[in-house]
Structure formats: C-alpha cells, structure tokens
1. Can you name every residue in region 72-93 that is outside any strand (DSSP E or B) and within 27 Å of MET140 (Cβ to Cβ)?
2. When ILE125 is evaluated against the numbered criteria (1) open to solvent by less than 20 Å² (accessible area, probe 1.4 Å); (2) among the aliphatic types (A, V, I, L, M); (3) at pLDDT 95 or above; (4) closer than 27 Å to GLN13 by Cβ, which criterion, by number, is the only one it fails?
3. Is it fair to say GLU68 is within 23 Å of ASP193 (Cα to Cα), within 15 Å of the ligand (Cβ to nearest atom) and open to solvent by 70 Å² or more (accessible area, probe 1.4 Å)?
4. Considering region 13-37 alone, what residues qualify as being among the hydrophobic types (A, V, I, L, M, F, W, C) and within 12 Å of the ligand (Cβ to nearest atom)?
5. May I ask you to say which residue of GLU101, GLU160, GLU145, GLU168 is over 17 Å from GLY201 (Cα atoms), more than 14 Å from the ligand (Cβ to nearest atom), open to solvent by 80 Å² or more (accessible area, probe 1.4 Å) and under 17 Å from the mean Cα position of the chain (by Cα)?
6. Of all strands (runs of 3 or more DSSP E) completely enclosed by region 111-210, which ones contain at least 2 residues that are within 22 Å of VAL41 (Cα to Cα) and of a type outside the set (S, T, N, Q)?
7. Taking the conditions exactly as written (assigned to a strand (DSSP E or B), surrounded by fewer than 17 Cβ atoms within 10 Å (Cβ to Cβ) and touching a residue at least 12 places away in the same chain (Cβ under 8 Å)), does ARG15 satisfy them or not?
8. Taking region 80-96, which residues are open to solvent by 20 Å² or more (accessible area, probe 1.4 Å) and either within 16 Å of the ligand (Cβ to nearest atom) or farther than 19 Å from GLN13 by Cα (or both)?
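The values are calculated or read from the model by the stated rules, or taken from the named source; none is laboratory data. Just so it is clear, the structure is predicted and the values come from calculations on it, not from any experiment. Here the Cβ positions follow ideal geometry from the backbone for every residue, glycine too, while neighbour counts run over all protein chains shown. The protein model used for the area step is the full one, side chains on, heavy atoms only, and it has no ligands, DNA or RNA in it. Shrake-Rupley method; radii C 1.70, N 1.55, O 1.52, S 1.80 Å.
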Amino acid sequence: MVFDFTEKEKGIQPRTIWCLGRNYAKHAEELGNTVEARPLVFQKGLNALSPLSATHTLFRDHGEVHYETEIIVLMDRNDKGSFITGIGLGLDLTLRDLQNELKASGKPWTLAKSFDGAAIVSRFISIKEIPLLNQIRFTMVLNQEVRQRGDSSQMILPLEKIPAYLEEYTDLQPGDLIFTGTPEGVGTLKPGDEVSLDLAGHHMGTVRFS
Ligand code: ZN
C-alpha cells in the first residue's frame, strides 16, 4: 500500500515537520561539523511543505540552494502510542549561504530551512513493505549522475530510535513527519536541474527545477 500524501481521503494530513541534522557522520564532516551521539533537531513550518512533483520553482535571490536527500518518517498513533506508519524520501532544501551566516553569528537557522517549498516530500510506502528499518537504501540522481547514496544503516541515531528521542520532548501525532538527516554528497541546485529519487527499490519521482 502506498499513501498518497496529497489526497486527504487516502492519506494522513501533515502536521509538524521535524528534522534531524548531523545524523550521518560523513555528511557532518563534509560541512565541518562535529559528530555527536544524538543528532540536532529543528523544524520546518508547513509553509515549507511541497509534494514531490514534476516541476519545482527554486527559491531565488538569497544565495545558494542546497539539496539534502533524506528518508522521511510518517507517524501515526493508536491507543498504545505513536508508531511509524510510512517511509518516504524528500529533499531538505537549504539556503546554505544564509545558513552559514546565521550559524557564524549564533542565530537560529529558520529562514535558511523553512522558506516556502523548502521541504519536498514524496509519497509514502507503508511500513509493512519495509521489513528492515535499519537497511533502507536510497539514491538521488542529479542530471543522470548519482550524487547521494544513503542507507539507514549509516545513521548515527538508528531510524527506529528516532521517534522515542523526539518523544522525550513531544507526543508525536498522526501526520508528524521526521526528516532523518542526509548522507554526504549535498550540493547546489540550479534552474534546469533534474533530480530523480529512489527509495527501497521504488522510484519515488523525478523533479525538474526552474
Ligand atoms: Zn537536512
């Protein structure tokens, strides 16, 4: 079963977008960040949400836009508590120049991470189709060239432990999304670029940026 995220009848409506940073050691290193046992956490607003579709207009005039390809967890809840119900793939778009400026002056990253369209989210694959949460492979192909290849086995905080980490601070609810961090290979997007995303043997979609 595949959740169609864009149709209310079939899917759960999005609620909160949680994001992990520095959850893959090699990516933390490529940006010159130290690796800690627990990843950092930030949020994107729902204004940032953009379903993965054929075209996407890049945010302009604020420096470089970087892609970060990430497994996204979709949460649901029953009377026993919250649980992972679906797995998707997405792009955490980041205004990297602005983020670096904000980081250098110790300010929050919000504008670099939560501008409109900054959270590209694919459809979701039911958790029932994913036998091993710690062995989910994904690839991001930019203009026919593989740029990011990830595997949930490389996460510093394992995927199945991420909800419990957040639940120390919040009761996760149906429709909460968690971007789980990016592996190495992040880079710049330009108008005309075409990105193709594959997750656990499923083609999730191809998007052309303008
Ligand atoms: Zn990210």
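1. Of everything in region 72-93, just one residue is outside any strand (DSSP E or B) and within 27 Å of MET140 (Cβ to Cβ), namely LEU93.
2. The one condition ILE125 does not meet is (3).
3. In short, no.
4. Result: ILE17, TRP18, CYS19, LEU20, ALA28, LEU31.
5. Working: GLU101 fails: under 17 Å from the mean Cα position of the chain (by Cα); GLU145 fails: under 17 Å from the mean Cα position of the chain (by Cα); GLU168 fails: under 17 Å from the mean Cα position of the chain (by Cα).
Unique residue meeting the criteria: GLU160.
6. 119-121, 145-151, 177-179
7. The answer is no for ARG15.
8. Initial filter on region 80-96 (open to solvent by 20 Å² or more (accessible area, probe 1.4 Å)): 80, 82-84.
Residue satisfying the conditions is LYS80 alone.
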